[in-house]
């Protein structure tokens, strides 16, 4: 048998961890270079890791549910050639007697020796999920021991009397949901969040859209309100470039390219944030076309890692599901700010016409900018929102 060849997680993963989701080959099976071996899932995309060489899958070092950091060794391929048709594949060697990085990390975090945990992985290997269950059981035992009140008889679970237990069921978290949770927690513990809220009148862009969407539709392009929002973000960035930035301990990194990520909901599965790169160079029609393409591929799980990489600012168009205001919207680290756009609805407003206050019905939406207060102050935040709203309300081109 020749030397073993490592199967590594991709180095470029947009700075977020991946979770091993599904091995497509079993230990002992022959593989060809380029064959898909294992699926990894992040909070943004699912991707396959291919075999780096021909040979036999000798070892699986990370089981389903384990965290795989960029470059982590997922398994190893041996150099033997398998004659699958004749059934002459050698019996693979036993798994090395060590725990995966995810299990070791959980051991440190939970204070649990993995050697004391019953493994449910391949060949009895202890997985991160096993460690999580052991920790949950430990917490339950602790809570039970801490209770001082005497036990009470079991009650009818459908009773509405206070103090009775309700019936419930558990839905296991997906890898994407766990990754989103970790990313959100990391953001709120890293950055002090502050939110400013303005109101925007969409009359001008609604008029412009009615005048131009037919022409773009003939070219196969849907002119959405989000395209106008992205374009208005570009205009506001030109006025206040510090919003398009990243905080470092020694400096504020201000990006020259405006790479706008647009949150796209995937129902109960979570959401992804495909990125419109270099939006500062794109026309409204080009932005609309890119949005249409990215959104369609997001919902068919066809986004590539490159589609998700390099964002410098994010838009959360939460109003499409009905909310008027959401605050704070958690910043997509390591960015410095995120825009929230609430539900567009007709509201009664006061407008001055020829020096006279008038009551009018206008299509309005609340827009918010949540900032990392380390990087930005209220003055910059309000100035950015002022330019953003003025661009929307004064749309004439």
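The values are calculated or read from the model by the stated rules, or taken from the named source; none is laboratory data. Since we're looking at a predicted model, the values are computed, not measured. Using ideal geometry, Cβ is built from the backbone for each residue, glycine included, and neighbour counts are taken over all protein chains shown.
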Across region 168-217, the tally of residues that are over 23 Å from the mean Cα position of the chain (by Cα) and either in a loop (DSSP other than H, G, I, E, B) or assigned by TED's automatic domain parsing to the domain that holds residue 65 (or both) stands at 3
Do you know which of the residues in region 44-83 that are within 14 Å of residue 12 (Cα to Cα) and not in a strand (DSSP E or B) is modelled with the highest pLDDT?
72
Starting from residues that are at pLDDT 70 or above and out of contact with any helix residue (DSSP H, G or I) (no Cβ under 9 Å at 6 or more places or on another chain), keep the ones in region 124-144 and report whichever is nearest to residue 8 (Cα to Cα).
129
Residue 340 - would you say it is surrounded by fewer than 21 Cβ atoms within 10 Å (Cβ to Cβ) and either on the phi > 0 side of the Ramachandran plot or not in a loop (DSSP other than H, G, I, E, B) (or both)?
no
Residues in region 334-350: is at least one within 17 Å of residue 261 (Cα to Cα), touching a helix residue (DSSP H, G or I) at 6+ places or on another chain (Cβ under 9 Å) and free of Cβ contacts under 8 Å to residues at least 12 places away in the same chain?
no
Those residues of region 331-344 which are over 13 Å from residue 367 (Cβ atoms) and in contact with a strand residue (DSSP E or B) (Cβ under 7 Å, 6 or more places away or on another chain) amount to 331, 332, 334, 335, 336
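Among strands (runs of 3 or more DSSP E) lying entirely in region 225-283, which contain 1 or more residues that are within 21 Å of the chain's Cα centre (by Cα) and buried (at least 19 other Cβ atoms within 10 Å of the Cβ)?
Because the criterion is at least 1 residues that are within 21 Å of the chain's Cα centre (by Cα) and buried (at least 19 other Cβ atoms within 10 Å of the Cβ), the strands (runs of 3 or more DSSP E) in region 225-283 that meet it are 245-247, 260-262.
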Residue in region 297-305 that is touching a strand residue (DSSP E or B) at 6+ places or on another chain (Cβ under 7 Å), surrounded by 21 or more Cβ atoms within 10 Å (Cβ to Cβ), without any contact (Cβ under 8 Å) to a residue 40 or more places away in the chain and in a helix (DSSP H, G or I) present:
yes
